[in-house]
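*Asks:* Pasting a structure below so you can have a look.
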Amino acid sequence: MPRAIAFFDLDLTLLGVNSASLWIRREVKLGHISRWSALKGAAWLGLYELGFGQLEDAIRAAASVLDGEEESVIRQRTTDFWVEMVSDQIRPGASAAIRAHQGAGESAVLLTSSSDYLSQHAIDVLGMDGLCCNRFEVEGGRFTGRLMEPLCFGAGKLHHARAYAEAAGVRLEDCAFYTDSMSDLPVLEAVGRPVPVHPDPRLRREAARRGWEILDWSKAEA
């Protein structure tokens, strides 16, 4: 059993990019979604970053677009996306942070709003120990257009983190969480070691107010 768990966000934390934005761009280029759908997706992300949008609605809307699609097709498309656009975007300092926790007898677990199709590639490459993420409902090999609830986002992330910790026999108070996003405040407040990494403006202000350490993983440790 692990002594504790270090939870890590994916987009703009372990990765230097927002994979959702890259996915939309690639899907438009390949003709899988319309430019209008891409603009709506970009608008959702923009409103959220300004503090006005409810990203849960955008996540559910994105899932509904897949209704009837074959899971195997999307799985392969996501693998291609990872190889072509995401695999080289891991922040230089991310691996060292993961290894430090594992070396101390702690588990390194990905806690992300991304899908399990993309997230699995990340934990394989980074050698992580577990995964909490959003998962699509599939029936007969095809997507239903729905996500498994609760969503792994905001307060839903806290639900997933708490369930994972309880199953491992670990208290959240003994855990750490690394993230860039203010939307992850529920988890940051629940763990014993909240660590903003390249935080967005709202989280940076909150971190300064609370005296939280802020990390920069733009360079690998010597």
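The values are calculated or read from the model by the stated rules, or taken from the named source; none is laboratory data. In this text, all values refer to a predicted model and were calculated from it rather than measured experimentally. Glycine also receives a Cβ, built like all others from the backbone with ideal geometry; neighbour counts cover every protein chain displayed.
*Asks:* Tally up the residues in the range 19-58 that are touching a Leu at 6+ places or on another chain (Cβ under 8 Å) and either under 28 Å from GLY192 (Cβ atoms) or modelled with pLDDT under 70 (or both), please.
*Replies:* The total comes to 6.
*Asks:* Moving to a separate point now. Would you confirm, using the coordinates I've provided, whether HIS198 is in contact (Cβ under 8 Å) with a residue 40 or more places away in the chain and surrounded by fewer than 23 Cβ atoms within 10 Å (Cβ to Cβ)?
*Replies:* Numbers: in contact (Cβ under 8 Å) with a residue 40 or more places away in the chain: yes; surrounded by fewer than 23 Cβ atoms within 10 Å (Cβ to Cβ): yes.
Yes, satisfied.
*Asks:* Separate question: Which condition breaks for GLN102 when tested against (1) out of contact with any helix residue (DSSP H, G or I) (no Cβ under 7 Å at 6 or more places or on another chain); (2) modelled with pLDDT under 95?
*Replies:* Here GLN102 meets the rest and fails (2).
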